[in-house]
Structure formats: structure tokens, C-alpha cells
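Colleague: I'd like to ask some things about the structure below.
The values are calculated or read from the model by the stated rules, or taken from the named source; none is laboratory data. All of these numbers come straight from a predicted model, not from anything done at the bench. Cβ coordinates were reconstructed from backbone atoms using ideal geometry, including for glycine residues, and neighbour counts include every protein chain displayed. To get the accessible areas, we keep the full protein, side chains included, count just its heavy atoms, and leave off ligands, DNA and RNA. Shrake-Rupley method; radii C 1.70, N 1.55, O 1.52, S 1.80 Å.
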Amino acid sequence: MVEQKMGLCWSYTEDQFENLEKHTQWGIEFVEKYTKFVKERSEIELSYAKQIRNLSKKYQPKKNSKEEEENKYSSCRAFLLTLNELNDYAGQHEVIAENLTSQIIADLTRYIQELKTERKSHFHDGRKAQQHIENSWKQLESSKRRFERDCKEADRAQQYFEKMDADINVTKADVEKARQQAQMRHQMAADSKNEYSAYLQKFNQEQNEHYYTHIPQIFQRIQEMEERRIEKVGQCMRTFAEVDRQVLPIVGKCLDGMTKAAESIEPKSDSKQVVEAYKSGFEPPGDVEFEDYGQAMKRTASESSLSNSRGDAKVEKSGNKSKGKLWPFMKKNKGSGSEDFSHLPPEQRRKKLQAKIDDLSKDIEKEMDKKDALVKMKDVYVKNPNLGDPNSVDQRLAETTQSIEKLQLEAQKFEGWLAEVEGRLPVKTEPPQRQSGLYETQTNTPSTNNCAQDRESSPDGSYTEEQSAETQVKASTTEFDDEFDVEEETMPAIGTCKALYPFEGRNEGTISVMEGELLYVIEEDKGDGWTRVRRNEEEEGYVPTSYVEVFLDTNGKGAMTYI
């Protein structure tokens, strides 16, 4: 009965240790699982912060771009402030990830290792105590079996002595020997009994200590370990929430900054800047005068009348043209913009010239800084020839000086044009290069040739001064229109042409072409060696007639040209 009870107790204790081992192992796995969760949350925060930063960077205005110029508008500045606040907002998510890593992940990783070591120590002590009580029990069982065996041997020896003593045929020596043997066996049984009693007392004491002291202490330490583990997880969970709470004030400031940026938008100020940026400076056009074509036109055969009528027609036509300009609705000829921006309205021209002067000033300043650096470098080389040859800097210094002079001359040129626009100097009226050539060709040609040409172009072969005057008026009108570099409508194409050779249009009014390129012809050669072509709606100009092969469309609407 005692053996069964002891076996049940040991089996119960061993089962409890196995259950505790399983539970504590699950507890460690739970902490590892929570650590992995926090680590993945940290990675999400880093990834989110990176994406927010990239988004903010993507929409930041590029340097020297149109977007940078648009920052003068309050809405664009507000958007830029929003992007900056968003960048700071991303930084707070990086702070969350960093705090999660340092305050939770690193701490739990270290704690898991300590927990595993402590758990191993507790269960080692438990197994050691279990092994000790089992060994004590085995010693007790061994002493008990020895005592039992010695008792049986003593009984047999006593029975044998009594038998020998009752037998009259046995010698006295044999009886004495049997008596001594019985006494020895009884002594051995008595010693085994004492030993068994001592082991039993010792085992009971150790068993009592095992079940009431050692095992409860081990269980208590395991329980405390589990409680610390649970408390640690709770602390980390509170820290998990506190990490977010710590950045909320700064996140709130970022959001307040975005709201403040949105509230700083001023629609009226932005629209006023648009008006200031794009106002032309022209006065509104006057009333359109009535032109009476019903009256008979006087014709004079005298040469003086011819020149007078030409002059009057030229002045009248020019005046009508000037009055008929509806500046806000004109379409600019983008393909032939002049260097002095004379094709732009006065206010726009002034702004362009001022911007050009500012750019040149910056370039001059850069070149001056470069020159100063080269001078200092040369001085260093002169003082210490081991560092370099002073003469090696001379060529670069000369190039920089030449570049500065060139930029200064360019700046002076644009400052002169700006002075003309602002009215500080008398306005110079210079016709474009192409029109100057046409004008010189017409004025230098003898009047007899003009007359002959007009006669040939007349259907009936007759010559009229009215036709010649009309031709001169048309030339004057073209010259006036090109002076402002404005077209009321796009000239139709009269054919196509193919570039036989490459041509770089460096002069004003010309256009660059590549060999084999196909272009539209909008005005054929008038005898000056140039043909007017168009690449698209925004690019047109003159190319040498000898550089292209022209295919005129005689059936098209634009086949008729004007001089």
C-alpha cells in the first residue's frame, strides 16, 4: 500500500512538471510571437515613412523649372508648405519605428534569452530534486529487502539450531556451531532492521522536504517567472501604445501647419499677380473707320502721281492696319521671335528683357567668382611652384576674362533695349533682316523693270499705275506687320519641299533644317534666294532656295503668293 502511494505521488509530480514545461514553453513562444508582431509593425512604419517622403519629394518643385516660378502664387506656396509638413509627418513615423525597435524589440529579444535560461534552471532543479527522492526511495527499498532477507535467514538458522539441539545423535560441537550461526543471523537481522529503520526515517524526512519544501519552492519560482513574463508583455503593450502617443503632439503640429498653409491661400492676390504678369501695356483699339469702296478711284499716268499715290496708299494702309490691330486677340508668330523680344507687347517685352538682364548678371557673377578663384590659384602656384605651374592657369584665365567681356557686352545690349522700352531712349525701329533684304531689292530695282514686270503680270499686257501702287502698298503692309512680328491668321501652304543639305538657321527669321527633312512651303522665292517654309504651327522661317527642292501645288488655295 505504501509502495502504491509513493508511486502515485511521484507520477503526479512528474506529470505536473511535464505540464509546467509545456505551459512555460508556450509562454516563451507567445513572447517571441509578440516580438515578431512589433517588428513587422516597425517595418510597416518605416515603409510608410519612406513612401510619404518619396511622395513629398516627387511633388517638390524642380530647380530652374516652371514649377519654381509658380511659387509666387499663394496656392503653390501653400502646397509647398504642405509637402514640407508631410515630410516632417513621415519623420514621426520613422521615430515610431525607431522607438519600437529600441524600447520593445531589443528589450524583448534580450528578455527572451534570459527567460529561457531561467526556465532551464528551474526545471533542472526540479528534475534534480525528483531524482534525489527517487534515489532515496531506492535505498529504502534496498535496505528493506535486505532486512527481510536477513530475518528469513535468522529464522532458518534458529530452526536449524533447535533441530540440532533436540537431536541426541548430534555432537555437542555441531550444536554449538548451529547456535553460533543462529546468533549471527539474528545479529545480522537486527543490523538490517536498524539500517532499514534509519533509511526509512531519512526517506520520510527527505520526502517531506521534497513535497513540502523543495518542490513548492521550485513551483513558486516558476510561477514568479511566469508572472514576470506576463507583466513584461503588459509593459511592452503599454509602451506600444505610448510610442504612438508621444509623437501625437508633433503630428498635430504638422497637421496644424497644413491647415495654416491652406488658410494662407489668397485668391484675389493670385489673380492680381496673373493680371500683372500678363498685361500687355497696349491701349484699347479705336473705332474702325468706314472704308467707302463705292467711289471711283482716280488714276494718273504721270510718274509723280504714281509715287504720290504709292506714298499715300502706304500711309493710309499703314494707318488702317495700326488701327485694326486687336492686340488681346492676336496670334503670335512663335517661329520667328526676335532677340530683342520686339514681337511681344510692351509690358511683356519689358519683363522678358529684365529677366534676360538678371540671368546675364548671374552668369557674370559666376564668371567673376571663377576668375577670382583662378587668380588665387595662380598666386598659390607662384608662391609654391611645387603645387603646380602658374602658366597653366593663364589660358583658362584668359578664356574666363573673354567670357566676362562677352557677357557684359550682351548685358549692355539688353539694357539698351530695356531703356528703349521704358522710354529713356528714343525707340529704334529696325525691320527684320528678311524684310530689309526685300526692301532693298525693291528700292534698288529701276522703275522701268518694275513697270515691265507689272506689265508682264497683267492679264491683258497693259500697265496701270494703280496695280503698281497696290503692289507697293502690299509690300508696305507686309513690312509693317513683320515689324510687330504678329500674324492675324496662319498663311496657307502652297506646296512642299525636301531639304537637300543641312542648314543651321542662326540669323533672325531663318529656320534650321536637316538633310532629307520634308517641310511645307508657305512663300516661294521672290528673287532674293530665300524660300519661306513651315515645320509646324509654331516653327517657320526662311531657308536658302538652293538648299531645298520645291514641289508647288498649283491647285491649292495658297498657290497665289503676294509680294
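Colleague: Give the range 486-538 a look and list any residue that's among the β-branched types (V, I, T), part of a loop (DSSP other than H, G, I, E, B) and touching a Gly at 6+ places or on another chain (Cβ under 8 Å), or say none.
Modeller: I494, I511
Colleague: Name every residue in the range 181-223 that is under 60 Å from the mean Cα position of the chain (by Cα) and open to solvent by less than 50 Å² (accessible area, probe 1.4 Å), in order of residue number.
Modeller: Matches in the range 181-223: I218, I222.
Colleague: How many residues does the range 93-116 contain that are over 12 Å from T35 (Cα atoms), open to solvent by less than 40 Å² (accessible area, probe 1.4 Å) and of a type in the set (A, V, I, L, M)?
Modeller: 3
Colleague: For the range 26-57, which residues satisfy the criterion of being in contact (Cβ under 8 Å) with a residue 12 or more places away in the chain and over 27 Å from F79 (Cβ atoms)?
Modeller: G27, I28, F30, V31, E32, Y34, T35, V38, K39, R41, S42, E43
Colleague: Given the criterion hydroxyl-bearing (S, T, Y), at pLDDT below 85 and under 44 Å from the mean Cα position of the chain (by Cα), identify the matching residue among T510, T561, T477, T490. I'd like the intermediate steps shown before the answer.
Modeller: Values: T510 fails: at pLDDT below 85; T561 fails: under 44 Å from the mean Cα position of the chain (by Cα); T477 fails: under 44 Å from the mean Cα position of the chain (by Cα).
When all the criteria are applied, what remains is T490.
Colleague: Also: Tally the residues that are closer than 30 Å to R221 by Cα and among the β-branched types (V, I, T), restricting the search to the range 123-173.
Modeller: Result for the range 123-173: 1.
Colleague: Starting from residues that are under 24 Å from S338 (Cβ atoms) and not β-branched (V, I, T), keep the ones in the range 359-404 and report whichever is surrounded by the fewest Cβ atoms within 10 Å (Cβ to Cβ).
Modeller: Checking each candidate, the answer is K362.
Colleague: Further question on the same structure: If a residue must be within 17 Å of the chain's Cα centre (by Cα) and open to solvent by less than 30 Å² (accessible area, probe 1.4 Å), how many such residues does the range 74-92 contain?
Modeller: The qualifying residues number 3.
Colleague: Report, by residue number, each residue of the range 491-539 that is over 26 Å from F341 (Cα atoms), in contact with a Pro (Cβ under 7 Å, 6 or more places away or on another chain) and open to solvent by 60 Å² or more (accessible area, probe 1.4 Å).
Modeller: M514, E515
Colleague: Listed residues K144, K120; which is open to solvent by 70 Å² or more (accessible area, probe 1.4 Å) and part of a helix (DSSP H, G or I)? Reasoning before the result, please.
Modeller: On the way: K144 fails: open to solvent by 70 Å² or more (accessible area, probe 1.4 Å).
Exactly one of K144, K120 is open to solvent by 70 Å² or more (accessible area, probe 1.4 Å) and part of a helix (DSSP H, G or I), namely K120.
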